[in-house]
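The values are calculated or read from the model by the stated rules, or taken from the named source; none is laboratory data. Remember, it's a predicted structure, so these values are computed and weren't measured experimentally. Here the Cβ positions follow ideal geometry from the backbone for every residue, glycine too, while neighbour counts run over all protein chains shown. Surface accessibility is based on the protein's heavy atoms, side chains included, excluding ligands, DNA and RNA. Shrake-Rupley method; radii C 1.70, N 1.55, O 1.52, S 1.80 Å.
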Amino acid sequence: MKRIFSGMQPTAHLHLGNYLGALRNWVKLQDGGDFECIYCVVDLHAITAGHDPDVLAGSTREIAAAYIAAGVDPSKTVLFAQSAVPAHVQLMWLLSSMTQMGKLSRMTQFKDKAGKNSEKAGLGLFSYPVLMAADILLYHATHVPVGEDQKQHVELTREVAGTFNHRYGAFFPLPEPLILGAATRVMSLRDGTKKMSKSDASDMSRINLTDTADQIAAKIRKAKTDPLPFPETLKDLEDRPEAANLITIYAAVGGLDVEQVLSRYAGGPFSGFKQDLADLLVEHVAPITSRMNALLAAPEEIDRILAAGAEKAQDLAAPVMDETFRRMGFWNKG
Ligand code: TYM
């Protein structure tokens, strides 16, 4: 059986990178019928860089609402919040005994987030990929749909699973990343060399799924470009990261190839292209935003969905957790 696990952190509003790089693909995979899908709001991951206890629960509901608004169907998938299934943390501890610190210290996300002063970084930020490995392995997931930036963490998960299987007998499938679509790495609207990120200080750097039509239009109008004319060929896009990013976004949202976008706008002014891109984004994002707002108006319904999902997740996780304990020789698990 093929099984998908994926998740997003409730650290801030979801943005276009989360949507194009992951969420949109999750919905297609759910509807394709080839996979059993488990989609999680990974709230335990959200505390690694300092968080506000007054907003965490609300952000968790918001991310669940975004999943559903984008098309995740709670009746076809297992949709839940990570903290509701304690086995994620139990498995993380067991796996941490077989994860090398050297490998964790080479993780790009850790290096980016810890910055120069890694001595001061929290243990949670450092061990974050072990929790992610536990998330995936706890459900024996075979495939993990993510954006390009998470590929390294899925590779680490494979290594950890391989180590477990070697020491305690073949048990965990080695999960494969599924990096799909035209926009697997959406870049910042202010700097085409940095990825679009929830943690960027400038809100102008990203399109949030909660943005209004006016905000989206303003962000695209002000998005950085360069003084050269609109590119005509793929080669013209080299060394033009901002232009390449906007054109890739257009292609991904409009369901076109980059070449088709180039030929549509070649030689014209960027302003006309930007206007059309803003319209396209609004057309795409506005229905998601309004469904999200409707769902958030009834938070008790979201809580009911998450609670039902947590029961299903718990049932899937329990036998895997028991067998992991048993293989590792724990008391009373034989
Ligand atoms: P997170 O919350 O940062 O991002 C959620 C998803 O969005 C993708 N993504 C992007 N894709 C394209 N362009 C971008 N600029 C961009 N920014 C983010 C991410 O690749 C991800 O798929 N560690 C994960 C959460 C996690 C997880 C897991 C994922 C925890 N456990 C188990 C899969 C399986 C994270 O921080 O994603």
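Selection within segment 185-204: residues that are within 10 Å of the ligand (Cβ to nearest atom) and open to solvent by 40 Å² or more (accessible area, probe 1.4 Å). The member of this set that is farthest from Ile247 (Cα to Cα) is Ser199. Select from segment 1-15 the residues that are more than 8 Å from the ligand (Cβ to nearest atom) and farther than 21 Å from Ser83 by Cβ and write down the one among them that is least open to solvent (accessible area, probe 1.4 Å). The extreme case among them is Arg3.
Screening Val160 on (1) touching a Ser or Thr at 6+ places or on another chain (Cβ under 6 Å); (2) assigned to a loop (DSSP other than H, G, I, E, B); (3) at pLDDT 95 or above shows it passes everything except condition (2).
Residues of segment 72-123 that are under 30 Å from Ala308 (Cβ atoms) and either modelled with pLDDT under 95 or in a loop (DSSP other than H, G, I, E, B) (or both): Val72, Asp73, Pro74, Ser75, Lys76, Thr77, Val85, Pro86.
Residue pairs whose Cβ atoms lie under 9 Å apart, separated by 6 or more positions or on different chains, with the first residue in segment 269-291 and outside the structural domain of Ile249 (by TED's automatic domain parsing) and without any contact (Cβ under 8 Å) to a residue 12 or more places away in the chain and the second among the aromatic types (Phe, Trp, Tyr) and open to solvent by 30 Å² or more (accessible area, probe 1.4 Å), do not occur. The residue pairs whose first member lies in segment 151-165 and is without any contact (Cβ under 8 Å) to a residue 40 or more places away in the chain, whose second member is open to solvent by 10 Å² or more (accessible area, probe 1.4 Å) and within 13 Å of the ligand (Cβ to nearest atom), and whose beta carbons are closer than 6 Å, counting only pairs six or more residues apart or on different chains, are Lys151/Pro177; Val154/Pro177.
Do we have His143 as within 15 Å of the chain's Cα centre (by Cα) and more than 8 Å from the ligand (Cβ to nearest atom) here?
Numbers: within 15 Å of the chain's Cα centre (by Cα): yes; more than 8 Å from the ligand (Cβ to nearest atom): yes.
Yes; evaluated as a whole, the condition is true for this residue.
Any chance segment 179-194 includes a residue that's assigned to a helix (DSSP H, G or I), of a type in the set (Ser, Thr, Tyr) and modelled with pLDDT of 95 or more?
We begin by selecting, within segment 179-194, every residue assigned to a helix (DSSP H, G or I); these are none.
Checked against the condition, which is being assigned to a helix (DSSP H, G or I), of a type in the set (Ser, Thr, Tyr) and modelled with pLDDT of 95 or more, segment 179-194 yields no hits at all.
Residues in segment 200-239 that are of a type in the set (Lys, Arg), at pLDDT 95 or above and more than 22 Å from Arg24 (Cα to Cα): Arg221, Lys222, Lys224. Within segment 98-135, being under 18 Å from His51 (Cα atoms), more than 14 Å from the ligand (Cβ to nearest atom) and surrounded by 12 or more Cβ atoms within 10 Å (Cβ to Cβ) holds for Ala114, Ala121, Gly122.
Taking into account only those residues within segment 24-57 that are in a loop (DSSP other than H, G, I, E, B) and not hydrophobic (A, V, I, L, M, F, W, C), which is farthest from Thr142 (Cα to Cα)?
Going residue by residue through segment 24-57, those that are in a loop (DSSP other than H, G, I, E, B) are 33-35, 42, 48-55.
Restricting the remaining residues to those that are not hydrophobic (A, V, I, L, M, F, W, C) gives 33-34, 48, 50-54.
Numbers: Gly33: 15, Asp34: 12, Thr48: 26, Gly50: 32, His51: 31, Asp52: 34, Pro53: 34, Asp54: 36 Å.
Ranking the qualifying residues of segment 24-57, first place goes to Asp54.
Just to be sure, is Glu159 more than 12 Å from the ligand (Cβ to nearest atom), in contact with a Pro (Cβ under 9 Å, 6 or more places away or on another chain) and more than 20 Å from Leu280 (Cα to Cα)? It is false that Glu159 is more than 12 Å from the ligand (Cβ to nearest atom), in contact with a Pro (Cβ under 9 Å, 6 or more places away or on another chain) and more than 20 Å from Leu280 (Cα to Cα). In segment 175-184, the residue that is surrounded by the most Cβ atoms within 10 Å (Cβ to Cβ) out of those that are within 10 Å of the ligand (Cβ to nearest atom) and closer than 15 Å to Ala251 by Cβ is Ala183.
Applying the criterion of at least 3 residues that are under 30 Å from Glu36 (Cα atoms) and within 27 Å of the chain's Cα centre (by Cα) to the helices (runs of 4 or more DSSP H) found wholly in segment 234-334 leaves 241-254, 270-296, 299-327.
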